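Quick notes on the structure that follows.
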Amino acid sequence: MGWQKQGWLVCAAFLGFVSSVASITRDDLFPFGPSARDQLLEPGTDQTHRLDLSKPVLFYDGTFDSIFINTNGFVATTEPTAESTYLASMPPKFGMIAALQGDLDTSDGVGKVFFRQDSSREVLRQAAEHINRAFPEDDEVEPTHAVVITWVDVASHEPQPTQDEKRNTFQLVIASLEKASYAIVLYTRDGIQFFSTPVQSSSATMHAGFSKGLVRGFLFSSQGPYYRTTTDDESSVRDLAKETNSGLRGVYVYEIGTSPYFSNVAPGEVTDLPTEEPPQEEVPYVRRHEYTEQHLEYPPYDAGQVEVHPIQYQPHQPENPEVVVVVDDTDLNVDVFRYNLGTCANNRNKCSQFADCKDYSSGYCCHCRPGFYGNGIQCVAEGKPQRMNGKIHGRVSVGNSPTPLEFASNDLHSYIVVNDGRSYVAISDIPYALGPSLLPLSALGGVIGWAFALEQPGFKNGFSIIGGEFTRQAEVTFLPGNEKLTITQEFKGIDEHDHLIVSTNLKGQVPEVPPGSTVQVEPYSEIYQYSNNLITSSSTRGYTVSMPDGSTESRTHQWRQTITFQSCQHSEPLREVKPTQMLSVDQIFVMYDANNEILRYAMSNKIGDVNGGQTEENPCFTGRHGCDTNAVCRPGEGNQFTCQCATGFSGDGRTCYDIDECREDPQICGGNAICNNQPGTFRCECEDGYQFGSDGRTCVAVDRSVDHCEEGSHDCDVPERAQCSYTGGSNFICTCLEGFIGDGRICQDIDECQRGRCHQDAMCSNTQGSFICQCRPGYHGDGFYCSSERPKSQCETHRDNLLGTYGPRGPRPPVGQYIPACDENGEYEPTQCHGSTGHCWCVERNGQEIPGTRSGPGSRPMCIDHGGVSPPVGPSPRPDVDALPPGTHLLFAQSGRIEHVPLEGYDMNKDGAKAVLYLPAKVVIGVAYDCVEKMVYWTEITSPSISRASIQGGEPTAVISSNLGSPEGVAIDHLGRLMFWTDSLKDHIAVASLDGSQRRVIVDSGLINPRAIIADPPNGNLYWADWNRDAPKIETSHMDGSNRRVLVKDDLGLPNALTYDSQSSLLCWADAGTHKLECMHPGRGDRSQILEGIQYPFGITSLGKNMYYTDWKRNAVVVVDRYAGRESNTFQPQKQTKLYGITTAYAQCPAGQNYCAGNNGGCTHLCLATPSGRSCKCPDNAAALGCVESGSGY
């Protein structure tokens, strides 16, 4: 019986607006979670995180450089007050963007709040689509920056825990341009499960809207405007996922701020949705069946002759994109409705590249070409194996356990050998407590078996009929316990790798299968009934559980499923599909791999007649044909058949080889395109600087913005006199540096000496961009003030205060008191001793004791002279080093500069951050710090060279500038006065004295891409990372290069960054390939993960509980609390370019000593520390006379 004789199922939604009618799902949200590199808000109630923005957000008439993200479903523009001040007392006194505000809780570990800043092309494109759809009359906008905040499965904060599992999921995206900001709020289908939250002894309806907060007046403050999008009626919250102002259910867009003028929040303008069929010819009689329960009656399966009844009903399914009516075909003989979707002339690119477009009187359809099959939108080659990839989400309870187990983006992979109907499914990261109980669900991936089942002549598998875009909903009832599990799968078509993409959600309960059990699923048959855009099926399946004790138990479960899809109604082929077909599944194999936590299914699938097949089955239908896996089996008469290689392959059918289309036809992709060969096919990609045009196939040039400052194509004056600042697009501005005057393109030096900048008793020396003041002979001071009497120094003041008690013979020190010793210039002597105890120690220039240098009575430590006379005082010439204030700092490298961030304890003082070293036209890679002489060392690869400069003021000096390839990592031995560096071009590690002399290569084999290097002077060890993509590793050796060994080689990707914490003896690294931050004790090998989901780290350093790493993707310094295992802060410098190496500039040197710290360890040249002593080595230029080498020891 044909479909037209059963009654027509008329859909009020068609392809042109189906996405508008259906509510969005979680998969339609902007990407979120660890895979999107999101940050995670601290679990709990009323938690707040300040997010400093790289680009500001406009809200009402204000501009905000930071926002505050709160657990309770909102974003604030200032630090929010306690929740008791605004819950049930809206509007608040602070600026609030309320996505769905209430008293929410994430402390159970299930609910989460993710957030990030994002300027990626895909996210900005998605934001622009929503905004432009919501404001169709306005000029199209292109956001430049977005903030994405996602509240996932958040619960209501209940005073007493309940068994209610209702949770809400929603998302807020703030998309900004230079002069406007928009809020995009997304509420998913089934995402809003509760509508009010408890407040004290009552409850309050959740709020959505925008509040400006208090507005300050001349004499007093008043409440600013409040734009509310919901009401006090819970139904307004319930309907959020069903309504819209953007033309897409569940998506709302608002213009929330503009510059320079702003009046009020402007909502999107597209509130109407097509809920009824388009205008059509008058229908004299239509009978509509209404159903309130989502329940289908399925015909029982009988092994005998099956009488199939036409479908005369359709359940009411508000979630489905179709609104179905049944038309009694005896009462009319007209077309029920007509599509008006255009012609092939302007829609051809919507068809598969392996399909042809054909015009019909009512529209157009796509048809796969010979050798391919599918629905025309997606076509695949006949006989070619297929793959399916996807993710699984949801929550499943096992047995009577009150706590469900969560699926959080578990991977699902499937492989189908099409010409024998065999499908294989693997699901990863299934915990031991759940794995065995999922073994009976072989049909979890069974729909892929139906999609590519072996076809009996005259019958078609699923993909041949509906392609790869459809929704499957299945309900599984387990007997006899009546546990129920709902499976929802969204099939999203074929990706760029020719893989079918699916998203799966599981919800419900399964009976427990004891761990250690095995399951055997019995073969089964399932009848599929086909109608317009709807397929239904049902079956009862048996399985046997073999317990660990040897006993067995037979069980059954019932499956009922619906598959909804969109078909092309204009052509006849779909109407020729048989209304019923039977899927036969056998050779079922299920297994749970407990060691790897992988669930595996395999089965054979055939589609054919509900009353059985032919008496003699052809090998093409049984799968016993011996054709190549990339071949099509062509049935002949009786048991005859032939094997034919699939399209894209060549051979005799028994053996098939891939055809390299790119090699055979180099111009197959056209101009400005790259051809990538793939098994059975090929893919075209546009070259850099090009993108696909509107036809989806031709590569057209991209109008790319150019950062002339970064490229060096600007017309500003030379970097020593001017600075180029990128302002977006291809724009820039030129400004003269301090000490110069001009328009930025031509800058002239200012002669500060003509302005009387120095004291009258000082000499002024003009320099390029600066000047120097120095007191005349016989005068003392800093040059800005000079006196004939030298003022007391810090040391002299310290000493005289202690000597304040005078006896009959002059100053008399207190008994037992330490008195500092000052030199002739009033500075602290490098070595200080206690007159009573006899202990001596080294001090810094300010008199602070250097930890680890104190010696016992009778011996004096080897202390380094501070340098005697102070240098001339005055601003240093550029490129220069601005003197740093006292304290501990972070130093990090950017292109052309080194910057610093002061530390207050372990926290960054962002307001005190500034550039301290300007190196125009240089690419600085590694930075290291000498805590003794207060010098910063860096490597740069443009010259290449290794240089240094004092952070107390002075000009940079190159210490090594020859025989370098690509110096990257650099480390300082402050005890032995040495520096170590890696060279990724010469593939070696070398050492030299701090002045660049006495160079020696200590590791010169087995290195491919060495970068990060760390010295541990007190213990005599070196650590380095080699990010060789084929075999990345982290190694260690003694500081002389001996005792080399690999510490880590497994589960590494791009271990760019390395740091060693002497307090905890932890070696830690950040990996840009695995996106993890990990640590280990080098002596024990106990590796542990600190944080995952980081983006692209380059350098890392540590101090106390914190680790600080630079990130190329975020252009920021990121702080990680090692103990809490979470990100705690970020700093983005004003210049938004890549950040390279980072180091800690300690206020005082770390404690510790080694054998090279005094008298160079008795060595004539290089003294290299080892754990048990030292090695005396000669530099590589052995011409040094009198050099004596000796092994480790002392």
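The values are calculated or read from the model by the stated rules, or taken from the named source; none is laboratory data. Bear in mind the structure is a predicted one, so any value in this text is a computation, not a measurement. In this analysis, Cβ positions are derived from the backbone assuming ideal geometry, glycine residues included, and neighbour counts consider all displayed protein chains. Quick note on the areas: whole protein, heavy atoms, side chains included, nothing else; ligands and nucleic acids left out. Shrake-Rupley method; radii C 1.70, N 1.55, O 1.52, S 1.80 Å.
Per-residue packing, averaged as other Cβ atoms within 10 Å, sorts the ranges 410-419, 995-1004 into the order 410-419, 995-1004, beginning with the highest.
Placing unit charges on each Cβ (+1 for Lys and Arg, -1 for Asp and Glu) gives segment 707-811 a dipole about its Cα centre, and among 750, 798, 728 the Cα reaching farthest toward its positive end belongs to 798. Distance between the modelled labels on residue 1136 and residue 790, one decimal in nanometres: 5.3 nm (7 Å Cα→Cβ projection).
Look at the dipole of segment 383-613 built from charges on Cβ: of 527, 393, 481, the Cα furthest out on the positive end belongs to 527.
Using the Cβ-Cβ distance between residue 235 and residue 995 with R0 = 51 Å, the FRET efficiency computed as 1/(1 + (r/R0)^6) comes to roughly 0.05. Against the longest alpha carbon principal axis of the chain, how many degrees, from 0 to 90 and to the nearest 10, is the axis of helix 121-134 turned? Long axis of 121-134 versus the principal axis of the chain: about 60 degrees. Measuring r between the beta carbons of residue 428 and residue 1086 and using R0 = 30 Å, the FRET efficiency lands at 0.70.
Indicate the gyration tensor shape class of the chain (rounded, prolate or oblate), computed on the Cα atoms with a ≥ b ≥ c the square roots of the eigenvalues: a/c under 1.5 is rounded; otherwise a/b larger than b/c is prolate and the rest oblate. In terms of gyration-tensor shape, prolate. Rolling a 1.4 angstrom probe over the protein heavy atoms with all chains in place gives segment 721-858 an accessible area of 60 Å² per residue. Multiplying the residue separation of residue 629 and residue 360 by 0.36 nm and subtracting their alpha-carbon distance yields 93.1 nm. Calculated FRET efficiency, residue 1005 to residue 963, Cβ-Cβ distance, R0 = 30 Å: about 0.95 to the nearest 0.05. Entry comment: accessible area of segment 34-267 is 44 Å² per residue, from protein heavy atoms only and a probe of 1.4 Å. Evaluated with a Cβ-only charge set (Lys, Arg +1; Asp, Glu -1), the chain carries a dipole of roughly 2700 debye about its Cα centre, given to the nearest 20.
In this rough spin-label picture, where each label sits 7 Å from Cα along the Cβ direction, the residue 834-residue 1115 distance is 5.4 nm. Secondary-structure-derived ellipticity at 222 nm for the chain, considering helices only, amounts to -1000 deg cm²/dmol, per-run term -39500 (n - 2.57) for DSSP H runs with n ≥ 4.
When only the Cβ of Lys, Arg, Asp and Glu is charged (+1, +1, -1, -1), the dipole of segment 34-267 relative to its Cα centre reaches about 240 debye. Placing a label point 7 Å from the Cα of residue 215 along the Cα-to-Cβ direction, the residues of segment 227-245 whose backbone N falls under 12 Å of that point are 227. Modelled this way, with points 7 Å down the Cα-to-C-beta line, the labels at residue 910 and residue 129 are 3.2 nm from one another. Relative to the current alpha-carbon distance between residue 403 and residue 45, full extension at 0.36 nm per residue lengthens the span by 126.8 nm.
For segment 126-264, build the charge dipole from Cβ charges (+1 Lys, Arg; -1 Asp, Glu) around the Cα centre, then report which of 245, 261, 182 sits farthest towards its positive end. About the Cα centre, the residue reaching furthest to the positive side is 261. Residues within the reach of a label modelled at residue 496 (point 7 angstrom out along Cα to beta-carbon, backbone nitrogen below 20 Å), restricted to segment 1101-1126, are 1113. Net charge in the neighbourhood of residue 1190 (other residues with Cβ under 12 Å of its Cβ; Lys, Arg +1, Asp, Glu -1) is 0. Here the dipole of segment 601-656 is about 160 debye; that uses its Cα centre as origin and unit charges on the Cβ of Lys and Arg (positive) and Asp and Glu (negative).
Fully extending the segment from residue 745 to residue 1159 would add 143.7 nm, taking 0.36 nm per residue of separation and subtracting the current Cα-Cα distance.
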